[in-house]
Amino acid sequence: MTRKLFGTDGVRGTANTWPMTAEIALRIGAAAGRYFRNDGSNGHRVVIGKDTRLSGYMFENALTAGLTSTGMNALLLGPVPTPAVGLLTHSMRADVGIMISASHNPHHDNGIKFFGPDGFKLSDEAEAEIEAIVAGEIEPAKAVNIGRAKRVDDGRFRYAERVKSTFPQGKRLDGLKVVIDCANGAAYKVAPEVLWELGATVIPVGVDPDGTNINQNCGSTAPRHAAARVLQEGADLGICLDGDADRVMIIDETGQIADGDQLMALMAGRWAEADRLQGGTLVATVMSNLGLERFMTARGLKLERTKVGDRYVVEAMRRGGWNLGGEQSGHIVMTDYATTGDGLLAGLQFLAAMIETGRPASALVRQFERVPQLLKNVRYAPDQDPLGAASVKTAITEAEGLLDGKGRLLIRKSGTEPLIRVMAECEDDALLSQVVDGIVSEVKSVA
């Protein structure tokens, strides 16, 4: 069937606008309950977490109502990072986990992400089956089999202990001053706590959520404020998370910002030297810089590319038996430790590299020279198909001809917002601007 509700990372949209309405959330909850409670027995449970968006209360209640109506018992974690839901779904023996979050999107958006009993995000096929149930008649449980809902107060602490356990045994962060920007999001409590408990002097930023300021001029999508704070405080490092804390950007002591590609290069190189990089392979998406690919090749290592979306990175990792992957945007997936991207865990891995090498952050954040890359987004009306227009197709064909043998071009629709993303890489800056601006202009003319 054609997928209408689910995108590349669950269901997402503007709160109180289809598909992110309370009514649809209730049906999604009931459909998920019917899907995971397909044997009809009692004792099935779901773990539900959320970030700090105002609409999270509404969706938490709607999902809980739908799930319990089909006999599922709901365990409510409150505000926790997305990776905590993956972890606790598995450790609490739940049938399914749900994270209510729109990740790096502004506060008026929200989303619903699903995790299977193994703690990994659901496959496209499983989501399609749930969507089919949403579209049909959903049989409720008998009155005596309605599920219960219970608040779980220690979910954040369970996650914190797991994250701390990934830090090298016997090592501490004493003497290091760390700025941690939590984007006024899900990690606003747990991230500063973890760093402080490991011994760091912590300078928290973006830890005052009010329901509407998540990702607002802070976090991994807007790291400049944190970079200024690093310089102001004379900090050794800045760690910027996004709203649900599954992404990270690193800031060195000079204020330089490193994206996910540089962090993956550092980790891949260190893990390969320690014979920890399974199959000598790093998994990344088509968005990752060509410089990362050259870095890997120069060391006799392999870069495996996937389509955009950390779930596709994880699926490729599981198929190939590889243990490190991620996205340029800052999703870093380490399946030795976690089932999905974890910004705090990745930040700790960077701190571990600083401790073990004795080198400052500035000596670690630049692992390779980036090939000039230009990315521009064009917003379009949801009922439009700009990429189907003849003029846009012609512009793309002409751009591909200009870049032939000189670079690469990637055009795609965002899976989370009504955006066309136009990205190109080329050593020739003038040519780079020419091809990207030309396509953007054509897309805007029909969007």
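Figures for the structure shown
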| read-out | value |
| --- | --- |
| Positive-end extreme of charge dipole, the chain - chosen from GLY170, GLY238, ILE332 (charges on Cβ) | GLY170 |
| Highest-fluctuation residue, LEU266, LEU375, LEU348 considered, GNM on the chain with Cα pairs under 10 Å | LEU375 |
| Accessible area in square angstrom per residue, the chain, 1.4 angstrom probe | 40 |
| Of THR17, THR281, THR89, the one that fluctuates the most in a GNM where the chain has Cα springs shorter than 10 Å | THR17 |
| Mean shadow area of the chain over all directions, Cα convex hull, nm² | 21.3 |
| Charge dipole (debye, nearest 20) of the chain; +1 at Cβ of Lys and Arg, -1 at Cβ of Asp and Glu | 740 |
| Amide N proximity, region 417-442 versus THR8 label position 7 Å along Cα-to-Cβ, cut-off under 19 Å | 417-425, 436, 440 |
| Stretchable slack from ALA298 to ARG276, in nm (0.36 nm times residue separation minus alpha-carbon distance) | 6.1 nm |
| With every protein chain in place, the chain: carbon and sulfur % of accessible area (1.4 Å) | 49 |
| DSSP bridge orientation in the chain - percent antiparallel, rounded to nearest 5 | 55 |
| Of ARG224, ARG311, ARG53, the one that fluctuates the most in a GNM where the chain has Cα springs shorter than 10 Å | ARG224 |
| Which of ILE355, ILE48, ILE396 is most accessible, then next, and so on - probe 1.4 Å | ILE355, ILE396, ILE48 |
| Among HIS104, LEU419, ILE439 the positive-end extreme of the charge dipole of the chain (Cβ point charges) | HIS104 |
| Accessible surface, 1.4 Å probe, highest first, among residues SER441, SER220 | SER441, SER220 |
| Dipole of region 272-319, positive direction: furthest Cα of VAL314, LEU301, ALA274, with charges on the beta-carbon | VAL314 |
| ASP124 accessible area, assembled protein chains, probe 1.4 Å, Å² | 40 |
| Reachable lysines, given that their alpha-carbon falls under 27 Å from the alpha-carbon of LYS121 and they are not under 8 places away in the same chain | LYS4, LYS50, LYS113, LYS150, LYS164, LYS189, LYS302, LYS307, LYS413 |
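The values are calculated or read from the model by the stated rules, or taken from the named source; none is laboratory data. The structure presented is a predicted model; accordingly, all values stated were derived computationally and were not measured. Here Cβ is always computed from backbone atoms with ideal geometry, including for glycine, and neighbour counts include all displayed protein chains. In case anyone asks, the SASA skips ligands and DNA or RNA and just uses the protein heavy atoms, side chains included. Shrake-Rupley method; radii C 1.70, N 1.55, O 1.52, S 1.80 Å.
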